[in-house]
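Enquirer: Shown below is the structure under consideration.
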Amino acid sequence: MPKPKYTTHLGMVDILPDESPKWRALEQIIHEEAARFNFEEIRTPIMEQTELIVRGVGQLTDIVSKEIFAFEKGDSHYVLRPELTAPVVRAFVEHHMQQRGGSQKLYYIGPMFRAEKPQKGRQRQFHQFGLEILGSDDPIADVECIAFMMRIYQRIGIKNFDLKLNSVGDPESREAYKEALRDYLKPNLDQMSELSQKRFEKNPMRILDSKEEEDQPFIEKAPVIQDYLNDESKEHFEKVKTYLGDLGISYTMDPHLVRGMDYYTRTAFELTSPDLGSQDALAGGGRYDLLVEEVGGPSTPAVGFAAGMERLMIACEELGIELAEEKKVDVYFVTLGDAARKWALTHLPKTREAGLSATMDYMSRSMKAQMKDANRENALYTLIVGDNELNEGKFTLRNMKESEEMSLSFEEIIEKLNKKLL
Ligand code: HAM
């Protein structure tokens, strides 16, 4: 085939008709489970103000320093959203959502954009589903958030994963820890990567997230934040762990888990899968008790997570899990001649109104070609109509799987199919 003149951008992917049923099936599961948890859906624009993302996610993070798609138009600075926590917080503040009362339990599904180097499981436009619970500092909120995340994978049948858990502390605990970390790293700093040296002063905890080989020996032996948590953070974290145990959700402690955004406080978690290869993070999240204030809202504790939908799809493929049933159509109208085509056109709506899916040939093809097309479309029945059938008011209904045929009036056909298929 000749190379097309226009193609998608690097790392951006079309979801074609063969794939979209999987996406719809997954989205339906998310909507259903969210309803069971009494979470409400939020949809925000694809573009946000650059400043929000820089402040929200953090200037020194990879996302902001390397990966955002940003542009200017007039006086406005736009960014394609790389994640939805900061935008949801922006919406919460902008619409005074705390006035709705109680905690806001908001879930979302949608595309995100990060200018990363594409590889399997890593795209520049990818999709997340996620949840943000605003207004509660109760460890119950952390655990409900994790339980919702796990429930989606459980329902789909993905069971093989590792929930990594950490507490990154509150500002007080973190200051004490950062000092200890700097004291520990300082003597070896000149042997560490350039990036880690850059992070040393402003954000030494991000060094723990370094993937650079030369940093690993120092990271391995670094002090752990658990030893620096103040009583409140410690108590909070203990409760999270206890409640997870109460729900039978197993986890492994990962004292070096810091996550890729600066907004986290206390609980941080990541769900990884051995079925994913190098991009093994299925989902991640944590608490961000200071972010609402940081972007100009009232002091509001919050916790949330987001999950990569492409990665979930890859895990399903690896495990042979079919998210969607095979596509089918209930009735394919096979037409012979103009009068039959016109009859089909006016009887398609009646069939659909009866709750059945129905289609016909749009290309005036031969009967043989139409039967072939009906098979390709996975039609359960064909309704064959020509001049004779129109004169008699009786049509041939063919069960495609059984190869059985019956001659019935249109009303009888609808009644029969309704009984069989609905
Ligand atoms: P994140 O860890 O950056 O967290 O992203 C969550 C998930 O999105 C990842 O675990 C991964 O599955 C998927 N993901 C991230 N980047 C890509 C990519 N380039 N291609 C494919 N999938 C990707 C957040 O976004 C936070 N907002 C989560 C959160 C919500 N924290 C609190 N509330």
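Enquirer: Can you name the condition, by its number, that V54 falls short on among (1) more than 23 Å from C145 (Cβ to Cβ); (2) surrounded by fewer than 18 Cβ atoms within 10 Å (Cβ to Cβ)?
Expert: Unmet condition: (2).
Enquirer: Could you tell me how many of the residues in the stretch 110-132 are more than 9 Å from the ligand (Cβ to nearest atom) and surrounded by 20 or more Cβ atoms within 10 Å (Cβ to Cβ)?
Expert: 1
Enquirer: May I ask you to verify whether T359 is surrounded by 13 or more Cβ atoms within 10 Å (Cβ to Cβ) and within 22 Å of S20 (Cβ to Cβ)?
Expert: On the way: surrounded by 13 or more Cβ atoms within 10 Å (Cβ to Cβ): yes; within 22 Å of S20 (Cβ to Cβ): yes.
Judged against the criteria, T359 is a match.
Enquirer: Also, quick follow-up: Among the residues of the stretch 78-119, which ones are touching a helix residue (DSSP H, G or I) at 6+ places or on another chain (Cβ under 7 Å) and among the charged types (D, E, K, R)?
Expert: R81, E83, R90, R114, E116
Enquirer: Please report, ordered by residue number, the strands (runs of 3 or more DSSP E) entirely within the stretch 370-420 with at least 2 residues that are surrounded by fewer than 17 Cβ atoms within 10 Å (Cβ to Cβ).
Expert: Output list reads 404-408.
Enquirer: Another question, if that's okay. Does G296 satisfy being in a strand (DSSP E or B) and either under 24 Å from L60 (Cα atoms) or touching a Gly at 6+ places or on another chain (Cβ under 7 Å) (or both)? Break it down into steps so the answer makes sense when it comes.
Expert: Values: in a strand (DSSP E or B): no; either under 24 Å from L60 (Cα atoms) or touching a Gly at 6+ places or on another chain (Cβ under 7 Å) (or both): yes.
When the stated conditions are applied, G296 does not pass them.
Enquirer: Just to be sure, is R155 over 17 Å from I225 (Cα atoms), out of contact with any strand residue (DSSP E or B) (no Cβ under 9 Å at 6 or more places or on another chain) and among the charged types (D, E, K, R)?
Expert: On the way: over 17 Å from I225 (Cα atoms): yes; out of contact with any strand residue (DSSP E or B) (no Cβ under 9 Å at 6 or more places or on another chain): yes; among the charged types (D, E, K, R): yes.
Yes: the conditions hold for R155.
Enquirer: Then there is this: Taking G297 and the conditions (1) touching a residue at least 60 places away in the same chain (Cβ under 8 Å); (2) within 15 Å of the ligand (Cβ to nearest atom); (3) among the small types (G, A, S), which numbered condition does it fall short on, given that it satisfies the others?
Expert: (2)
Conditions tested, residue by residue: (1) of a type in the set (A, V, I, L, M, F, W, C); (2) out of contact with any Asp or Glu (no Cβ under 6 Å at 6 or more places or on another chain); (3) at pLDDT 95 or above.
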{"residue": "S299", "(1), (2), (3)": "no, no, yes"}
{"residue": "V303", "(1), (2), (3)": "yes, no, yes"}
{"residue": "K327", "(1), (2), (3)": "no, yes, no"}
{"residue": "A344", "(1), (2), (3)": "yes, yes, yes"}
{"residue": "E353", "(1), (2), (3)": "no, yes, yes"}
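Enquirer: Please indicate, with yes or no, whether at least one residue in the stretch 117-124 is polar (S, T, N, Q) and in a helix (DSSP H, G or I).
Expert: No, the stretch 117-124 has no match at all.
The values are calculated or read from the model by the stated rules, or taken from the named source; none is laboratory data. Model, not experiment: these values are computed from the prediction. Cβ atoms come from the backbone with ideal geometry, glycine included; neighbour counts cover every protein chain shown.
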